[in-house]
1. Considering only residues that are surrounded by fewer than 10 Cβ atoms within 10 Å (Cβ to Cβ) and charged (D, E, K, R), look in the range 34-64 and name the one that is farthest from Ala20 (Cα to Cα).
2. Between residues in the range 18-31 that are assigned by TED's automatic domain parsing to the domain that holds Glu8 and residues that are surrounded by fewer than 17 Cβ atoms within 10 Å (Cβ to Cβ) and in a loop (DSSP other than H, G, I, E, B), which pairs lie under 7 Å by C-beta distance while being six or more apart or on different chains?
3. When the residues of the range 1-16 are narrowed to those that are of a type outside the set (D, E, K, R) and in a helix (DSSP H, G or I), which ends up nearest to the chain's Cα centre (by Cα)?
Amino acid sequence: MRTVDIHEAKTHLSRLVEDAAAGEEIVIARAGKPIARLCPLAQPKPKRVLGRLDGKIVVPDNFDRLYEEEIRELFEKAVDAQQSPWPDLFRPSTSSFGASGALRRGFP
């Protein structure tokens, strides 16, 4: 990062703009104190190309139903507090903060 005085920046503005467009950051100062920064504009993101993977990936016909039964079981399965490694987390608590159980036993 290069620092130039404002008077030098006025004199050599086009050269400084070219340097900034090439990727250099330039700080413009007045009496040694930075007042502005000249830097390159961010490059626009390239447009996405639709269908770029056409023919390279095979999506099965039953894609929407893959593992449907396993997922349903996970959502419908009730948590058994006695078999859980953290039984206090799944049981309503009235300790520490009352009925809300915001702070459970065992946690600071």
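The values are calculated or read from the model by the stated rules, or taken from the named source; none is laboratory data. It should be emphasised that the depicted structure is a prediction, and the values quoted were computed from it without experimental measurement. Because the Cβ atoms are built from the backbone with ideal geometry, glycine has one as well, and the counts that use them run over all protein chains shown.
1. Ranking the candidates gives Asp61 first.
2. Ala20/Cys39; Ala20/Pro40; Ala21/Pro40; Gly23/Pro40; Glu25/Met1; Glu25/Cys39; Val27/Met1
3. Only one residue tops the list, namely Leu16.
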